[in-house]
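Input: a single structure, listed below in structure tokens.
The values are calculated or read from the model by the stated rules, or taken from the named source; none is laboratory data. As the structure is a computational prediction, the values presented were derived from the model and not from experiment. These area figures cover heavy atoms from the full protein model, side chains too; ligands, DNA and RNA do not enter into them. Shrake-Rupley method; radii C 1.70, N 1.55, O 1.52, S 1.80 Å.
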Amino acid sequence: SLFSASHDKTVRQWDVASAMEVAKLQGHEASVHGLAVSHDGRMMATVSWDGTCRLWSLRMRRMLCTLQLSHTAHTHSEWSGIAPTR
């Protein structure tokens with residue numbers, strides 16, 4: 001899969017082989033400007049100009065939680081893979 005963050009406040013999951021949209025994740029209130037997918041492909045974190053970071057279950061295709069970020073955190077975010085805890 002391929003994931004895209006968008007100015008329309010969504011994150012979309014795409015099937016690369018067919019170029020078809022698989023899922024559209026909605027919940028942010030402003031443009032989404034960053035994302036990271038866990039190494040096992042089960043979760044994704046997104047960051048938006050609405051000042052939030054949201055954690056998503058890719059299996060259930062739903063938001064798990066929302067974190068309010070400081071101004072500095074969401075304007076200077078750098079992303080790497082997120083690792084699940086055991």
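If the Kirkwood radius is taken over C-alpha pairs of region 10-50, then at 37 °C and 0.692 mPa s the Stokes-Einstein diffusion coefficient equals 292 µm²/s. Ligands, DNA and RNA aside, residue 62 has an accessible area near 120 Å² when probed at 1.4 Å.
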